[in-house]
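For reference, the structure is listed below as structure tokens.
The values are calculated or read from the model by the stated rules, or taken from the named source; none is laboratory data. As the structure is a computational prediction, the values presented were derived from the model and not from experiment. FYI the Cβ positions are ideal-geometry reconstructions off the backbone, even for glycines, and counts take in every protein chain you see. Side chains included, ligands, DNA and RNA excluded: accessible areas come from the protein's heavy atoms. Shrake-Rupley method; radii C 1.70, N 1.55, O 1.52, S 1.80 Å.
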Amino acid sequence: MKLATFTTDSSPEPLGGVVDGERVRAFARGADAVRDVLAGTISTEADLGQYALSDVRLLAPIPHPGTIFAIGLNYADHIAEMGHASPQWPTVFLKAANSVTAPSGPIVKPAVVAKLDYEGELMIAIGQGGTAAAYCVADDVTGRDLQGREPQWVRGKGADTFCPFGPWLTTADEVPDPGNLAIRTWVNGELRQNSNTSNLVFGIEALLAFISETCTLRAGDLILTGTPGGVGQGMSPARYLQSGDTVRIEVESLGQIEHSVS
Ligand code: MG
């Protein structure tokens, strides 16, 4: 099942919906509807109206997530391009709630950031019992200058709009092997990242186990699993995002997100 959160011209209040081909059926009102489905507290049976996907505005599938975990340095080629040694344990950090934005963005470059970069990633949405309930596409947008000069990544990774994700959640029953999905990122139509989640250093089960050593994963939590090689900082010379650029990220069978930079 594909679970989306959206608004329409007639419903500025967010709706939770089930995407089927080019249409979406609303099943509940409110920005937390999809999160409530993952928690098992509501069903998707109701029919509150059906819309053409092209007529709705997709929001982040979970606009108000719980904790947003993220994993740094989790593909060998990205570890190399960032000049790090292969880590013994996953590098876990958090992105701030205010970083959440719609899959179409736009992302906004803070004046203090000069080195804005993209990171195409597979995102896990947590369901009942701390399990991987669904998956989607995310951009772990990063201010490299802040990330590099400040020992904590809070500002470099957690700025407003630095976490577009979507376009919808695809439930785990429709993703038989999330550890074998092609992942690609384009900037202004140029292919920059081209890898597969089979190249993750720490796979999905390992990440869930590692995070769960200290944190109880709850329905509505999110995990960004890391980015492959090909980020702007890794190019020679580095090529950072500029106002007007368009970033498109696709993960096999999960769809794609595309956002501009302003
Ligand atoms: Mg990342």
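Quick look at the values:
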item: Candidate set from segment 111-129 (those that are in contact (Cβ under 8 Å) with a residue 24 or more places away in the chain and part of a loop (DSSP other than H, G, I, E, B)); member that is surrounded by the most Cβ atoms within 10 Å (Cβ to Cβ); result: Tyr118
item: Only one of Asp160, Asp139 that is of a type outside the set (Phe, Trp, Tyr), modelled with pLDDT of 95 or more, away from the ligand (no atom under 13 Å from the Cβ) and within 21 Å of Gln242 (Cβ to Cβ); result: Asp160
item: Qualifying residues in segment 33-57 (those that are in contact (Cβ under 8 Å) with a residue 60 or more places away in the chain and open to solvent by less than 40 Å² (accessible area, probe 1.4 Å)) - the one farthest from the ligand (Cβ to nearest atom); result: Ala39
item: The listed residue being within 14 Å of Ala132 (Cβ to Cβ) and either surrounded by fewer than 20 Cβ atoms within 10 Å (Cβ to Cβ) or touching a residue at least 12 places away in the same chain (Cβ under 8 Å) (or both), out of Leu208, Leu191; result: Leu208
item: Total residues in segment 221-262, condition of a type outside the set (Lys, Arg) and not in a loop (DSSP other than H, G, I, E, B); result: 18
item: Members of segment 58-79 found to be open to solvent by 50 Å² or more (accessible area, probe 1.4 Å) and within 16 Å of the ligand (Cβ to nearest atom), listed by number; result: Ala76, Asp77
item: Filter result for Glu22 (of a type in the set (D, E, K, R) and within 26 Å of Ser195 (Cβ to Cβ)); result: no
